[in-house]
Amino acid sequence: MAARLVSILATVGCWWMIFALVRRETGSVWGGMAAGGFYAATFKATGVWMDVARSDSLLMFFLLLAAFTARDERAGYDLLSLIRSYPGEVFIPTHSYYAALVGKPTYVHWATITDTSGIWDTDLDVQQGGKNDPRRQIILDEIQAAVASQRFDAIILDDIPKELKAYWGDLLTPYYRLERKVFADPDVFWTVSGAGNRPQLVYIHR
């Protein structure tokens, strides 16, 4: 029974992957639904094996998954090549581990910076009339000094208008300019858990 359940779940996964692949490549939800429907329609023609306790459905699911993520893999390697192309340090605040993958220094993640410095709504005590902790300003001053001295050859940010307007825009404008976007394809290299984001905007020295 457990083996059949795996096959059934894998078959459902195949339907979804076929739908997702066709929808992404054609831009058509209806096309994706039709493709998934054609696959489902082969159930009897192929010997009603999709829900049998065999490895076929599971293998098919992993093959489709590999096909679906192939473009993400290529996009990831292109991103690493871009980071590597800058001779100096590259600051990627919300994806700091990418710099480590090409042997560059890394820095604390942006979530930790915002939580400790109170840049966003985590600074509740100050918003409610409490006294600001001077240690928070130390963090902000350090970022300001690094940007003002153009310490980084490039700064790569997520394309999140709220953050750009509230913080990065005014900070970067005197010292850095937008050079390019990382990904031309709107569908690749998005995170699959949490808030969907990706490193996209590349700023270099003015």
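The values are calculated or read from the model by the stated rules, or taken from the named source; none is laboratory data. Here the structure is a predicted model, which means the values were calculated and not measured. Glycine gets a Cβ as well: all are built from the backbone with ideal geometry, and neighbour counts include every protein chain shown.
Confirm whether Trp30 is over 30 Å from His205 (Cβ atoms), at pLDDT 75 or above and not aliphatic (A, V, I, L, M).
Details: over 30 Å from His205 (Cβ atoms): yes; at pLDDT 75 or above: yes; not aliphatic (A, V, I, L, M): yes.
Yes.
Would you kindly identify the helices (runs of 4 or more DSSP H) lying entirely within region 64-179 that contain at least 1 residues that are in the same structural domain as Leu201 (by TED's automatic domain parsing) and modelled with pLDDT under 85? Ranges flagged: 110-117, 124-127, 134-148, 169-172. If you go through region 183-202 and pick out every residue that is under 14 Å from Ile160 (Cβ atoms) and surrounded by 11 or more Cβ atoms within 10 Å (Cβ to Cβ), you end up with 7. Out of the residues in region 191-205 that are in contact (Cβ under 8 Å) with a residue 40 or more places away in the chain and assigned to a loop (DSSP other than H, G, I, E, B), which is nearest to Glu89 (Cα to Cα)? In this case the residue turns out to be Arg198. Of all residues in region 143-157, those being surrounded by 13 or more Cβ atoms within 10 Å (Cβ to Cβ) and without any contact (Cβ under 8 Å) to a residue 24 or more places away in the chain number 0.
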